[in-house]
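Trainee: Quick one: this structure, given as structure tokens, is what I'll be asking you about.
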Amino acid sequence: MKYSYIKPRKKSIFTSEIQLLIVFFGITIFMLFLTYFFLVFKDYRFTQDKIDMIAQRENADISIVDMEKKITYIEKQVILSESIFTKNTVLKDSIANMFDLVPQRITLSEAKLLENGLVLYGIAPNKDVYDFMLQAPLRSIFHRTYSSFYPADNGWIRFVSTNYVDKEVEVVEEEMLLEDAEMIDEDATDYEEVEYEN
Amino acid sequence: MMLKVPTLNEFYESLYLKVLVNIVIGNSKSTVYVEMLNSSGVVSSSKEVFDAPYLTPEINEYINSFTKESPYFYISMLDSSISQGAIPTCDKQDISNFYDITTSEYKCYDDKWIYYTNKSDIYEIQRAYEKIGIDYMFSPFVILANFFDDKINTYLAMFILVEDDSLSLSVFDTSKLLYAEHLDMNIETESEELLIDVGLDDDIELDEDDDNSIDLDDIDALDDIDELDDFGDIADLDSIEEINEFSETQDVEEELLEQAEEEDIEDDSTGFNEDYQRFSLIQSSVNRYYKSEKFESKFLENVYIADSVGVSSDLKKYLEEEMFLNVYIRHVELASEVCKVAKMELL
């Protein structure tokens, strides 16, 4: 303001048009950034969800493997229990058969049911009765039968009859039982020896 | 070596063109001169004259077509206020001896003299041009001082800026202002009419009978000049008898320039009446200058006229023959002179 009476108006490049333009672009850029940050956030959430999902799937895989193992084990147990049940049934039948087998005149004092055999202790009036009435059916059941006698106090005879069956078919079953025994350190039921007092 | 780091605003300015719009209001027309500048100089310029001494929609549209190019536009205007002038002092205590400037806006020129104008006139113009706004308002005395910068600093002479409807008259003695007056041609119509009649009819001496202040002044002025003839013998001889016989006071260079200019410019005289009116105004003003004790009166031999309207050779003849002055007329494009001052303002 050297010569002029009045001061010039303040000049600025920010005219009303430019201001409008800046506001417009400002809002646009703001909205773009808002969208960008929203997408970044969503992407982050998605990544997190993905990681969680992967972890869940891994856990599920692990539990599937675990469950499969358990299923296998349970199936084996089922097979085992079935076999035991079958054996028990067989044993029950065997015992019932055995008692049917023993005639009235012979008295059993002890019977040992072995896995592949039967040991009978008892008293008979005489050897013939034993031979005809008991040994004959035993021979028909078992492959090998051994008998031994000694006299009792009342003039009768005491006998010990040892009978064996030669097993071939049940080998596989035995192996399985052994495997079971390894898997579970449980109290293996001693079902080999059943004492029966007559 | 220090590198000047441009401020952000300077950087913005360098990106845009500067648009200088200069408006000069005449009696019945407005002249609008527009210059577009960049850092290296003027890019383009344009001038248009409108037949209205106020802001019309056409002028507004014309100016807007340039100002919309850049936010850095400056609208300058030449002050056409009636109550303006200049005072030969910058000392605030002295100012009141010359003029009561309490209602005026004033500025000091080079710590040497003051130019002033009426505050309310500034507000009025600002209000009238509210639509486009005004950035700079310049006094015709500033334009005059800048236009005759080469002469003012070295000569004792009268300098006159002839505008459409006014005259800005000043007397400088080697850059020191002795006297200044702004003369409006529209005010003194009645008295001038009488003057013109007399001028056409007979000798000025006859005006003694008319009880008109201006006329009396004129006569006095002539008498004074007659009395002063003794001092100005050389000048009189030069101007009346033979111009070829150069006196020391004559500006030969300016005369040659003037002759060249006269050949170029057609004599589109605005009429005898106006030129006589101007002459009489100058005459009465010079008379006031010689008479008033407030001003340091030095004898005038040369007058330099900055002519923006195209005065006829009559004015020169009157001044030479009636006042025995050496007259040098230089044509001035007022709007572009305003533009030059506006550029100085921007630097």
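A short reminder: the numbers here are calculations on the coordinates, not readings from a lab. Nothing here was measured: the structure is a model prediction, and the numbers come from that model. As a convention, Cβ positions derive from the backbone with ideal geometry for all residues, glycine included, and neighbour counts pool all protein chains shown.
Trainee: Using the Cα centre as the reference, give the magnitude of the dipole from point charges on the C-beta atoms of region A:19-82 (Lys, Arg: +1; Asp, Glu: -1; all else neutral), rounded to the nearest 20 debye. Could you put the intermediate results ahead of the total?
Mentor: Values: 7 positive and 9 negative charges, 59 e Å.
The calculated dipole for region A:19-82 is roughly 280 debye.
Trainee: What net charge is computed for the residues neighbouring residue B:318, neighbours being all others with C-beta under 11 Å from the C-beta of residue B:318, Lys and Arg scored +1, Asp and Glu -1? Don't skip to the end; give the middle numbers.
Mentor: Numbers: positive: B:278, B:316, B:317; negative: B:275, B:314, B:320, B:321, B:322.
Once all neighbours under 11 Å are counted, the net charge is -2.
Trainee: Can you compute the modelled spin-label distance between residue A:59 and residue B:252, with each label point 7 Å from Cα toward Cβ, in nm?
Mentor: Placing both labels 7 Å beyond Cα along the Cβ direction yields 11.4 nm.
Trainee: Search the structure for amide H atoms under 5 Å from the amide H of residue B:77, placed 1.01 Å from N in the peptide plane, and list their residues when 5 or more places away or on another chain.
Mentor: The answer is B:23, B:136, B:137, B:138.
Trainee: Something else: Simple spin-label model, 7 Å along Cα-to-Cβ: residue A:72 to residue B:175 in nm?
Mentor: Roughly 11.4 nm, to one decimal.
Trainee: Can I ask one more? In which sequence would B:339, B:108 go, from the one with the fewest C-beta neighbours within 10 Å to the one with the most? If you can, show how the numbers build up before the last one.
Mentor: Numbers: B:339 23, B:108 14.
Fewest to most other Cβ atoms nearby, the residues stand as B:108, B:339.
Trainee: Still on this structure, please answer the following. Placing one identical point scatterer on every Cα of region B:34-125 and ignoring solvent, what is log10 I(q)/I(0) from the Debye formula at q = 0.24, 0.25 Å⁻¹?
Mentor: Taking Cα atoms of region B:34-125 as identical point scatterers yields -1.14, -1.19.
Trainee: May I pose another question? Quote the FRET efficiency, to the nearest 0.05, computed for residue B:91 versus residue B:58 with a Förster distance R0 of 56 Å and r equal to the Cβ-Cβ distance.
Mentor: Once rounded, the FRET efficiency stands at 0.75.
Trainee: So for region A:1-156, if I pair up every lysine 8 or more residues apart or on another chain, how many of those pairs have alpha-carbons under 20 Å apart?
Mentor: Close lysine pairs under the 20 Å cut-off: 6.
Trainee: Let me ask you something else. Using DSSP to define loop residues, name the trypsin sites (Lys or Arg not before Pro) in region A:1-81 whose beta-carbon has at most 10 other beta-carbon atoms within 10 Å.
Mentor: On the way: sites: A:2, A:9, A:10, A:11, A:42, A:45, A:50, A:57, A:69, A:70, A:76; in loops: A:2, A:9, A:10, A:11.
Taking region A:1-81 and a limit of 10 other Cβ atoms within 10 Å, the loop trypsin sites (Lys or Arg not before Pro) found are A:10.
Trainee: Answer with one residue from A:62, A:143, A:104: the one whose Cα lies farthest towards the positive end of the charge dipole of region A:56-158, charges on Cβ with Lys, Arg +1 and Asp, Glu -1.
Mentor: Going by the charge dipole, the pick is A:104.
Trainee: Let me ask another. Classify region B:89-139 as rounded, prolate or oblate from the Cα gyration tensor: take a ≥ b ≥ c as the square roots of its eigenvalues, call it rounded if a/c is under 1.5, otherwise prolate when a/b beats b/c and oblate if not. Could the numbers behind the result be given before it?
Mentor: Values: a/c = 4.71, a/b = 2.04, b/c = 2.31.
Oblate is the answer for region B:89-139, as a/c is 1.5 or above yet b/c matches or exceeds a/b.
Trainee: Further, regarding this structure: Going by amide H atoms built from the backbone, whose H comes under 5 Å of the H on residue B:305, apart from near neighbours?
Mentor: Long-range HN contacts for residue B:305: B:160, B:328, B:329, B:330.
Trainee: What shape does region A:15-101 take by its C-alpha gyration tensor, where a ≥ b ≥ c are the square roots of the eigenvalues and a/c under 1.5 counts as rounded, a/b above b/c as prolate, and the rest as oblate?
Mentor: Numbers: a/c = 20.47, a/b = 9.49, b/c = 2.16.
Verdict is prolate for region A:15-101.
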